[in-house]
Amino acid sequence: MNRKSFSVFFVRDTFKVGHLMDDSTMGQHSASQASSNTELLATRDAYRFRTTVSRLKGSAFVKHYELHDDKASIYYYGDYASFRRLVPHSALGKEDYLHYLGTEEAVYQLLLDSTVYLLKELHFLNHVNIEIPNHGKKYTVSVSRDELDEHLDCHLSEMKDGHHHRFYLLCRDLEVEKFVSQFVKVKRLRRKH
């Protein structure tokens, strides 16, 4: 089955609109197309990024995401009411939202899982920012590949070998606490009057 893909991507400080292309031809490059190789790779990377974000835990509650060269930013909905207001056709209920973002511990676990998954799956990413406004606070993680590799004492880019190798991060509360203390910033949000 051939699907068509349309992308907006960021190359050399400008946004470019990608054309519709078959998924089956995205990985095939000839030497004669070297001049458009950068744009083609950027289009492919944007497609992979979009696909990877859709596979994150709690991805249905991602409000917005951006890819700028080798930096990714992901923003989640702040509460179920705002999610429901902006996505009224969703079949997801409040219980689904609370499963991923119901407690501060769940938010911390989601930040760790999402950061590791993005850097493991996308070799071209070197920096990840994730923001979750929730529980009257804004939780933000901003981490580079090198920082996370050093923190986990491994190289995430080596954890993926095609589609044959699976890597699961099993975290105890202590590992989540270490990650949070090193990389997560928490800021109180002002209430609107």
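The values are calculated or read from the model by the stated rules, or taken from the named source; none is laboratory data. Not measured: the values here are computed from a predicted model. Cβ sites come from the backbone with ideal geometry, for glycine too, and all protein chains shown count toward neighbours. These accessible areas exclude ligands, DNA and RNA; they are computed on the full protein's heavy atoms, side chains included. Shrake-Rupley method; radii C 1.70, N 1.55, O 1.52, S 1.80 Å.
Values as computed for the structure displayed
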{"quantity": "Within region 56-138, trypsin sites (Lys or Arg not before Pro) in DSSP loop having at most 14 other beta-carbon neighbours inside 10 Å", "calculated": "K57"}
{"quantity": "Pairwise label distance in nanometres, A81 with E66, each label 7 Å out on the Cα-Cβ vector", "calculated": "2.8 nm"}
{"quantity": "Sequence of E105, E66 from largest to smallest accessible area, 1.4 Å probe", "calculated": "E105, E66"}
{"quantity": "Efficiency of FRET from Cβ geometry, L41 and E95, R₀ 41 Å, rounded to 0.05", "calculated": "0.50"}
{"quantity": "Size of charge dipole - region 59-122 - debye, nearest 20, with Cβ of Lys, Arg +1 and Asp, Glu -1, no other charges", "calculated": "280 debye"}
{"quantity": "In region 45-154, lysine pairs closer than 19 Å at Cα, eight or more apart or cross-chain", "calculated": "8"}
{"quantity": "Amide proton proximity set for N134, modelled H, under 5 Å, gap of 5+", "calculated": "Y139"}
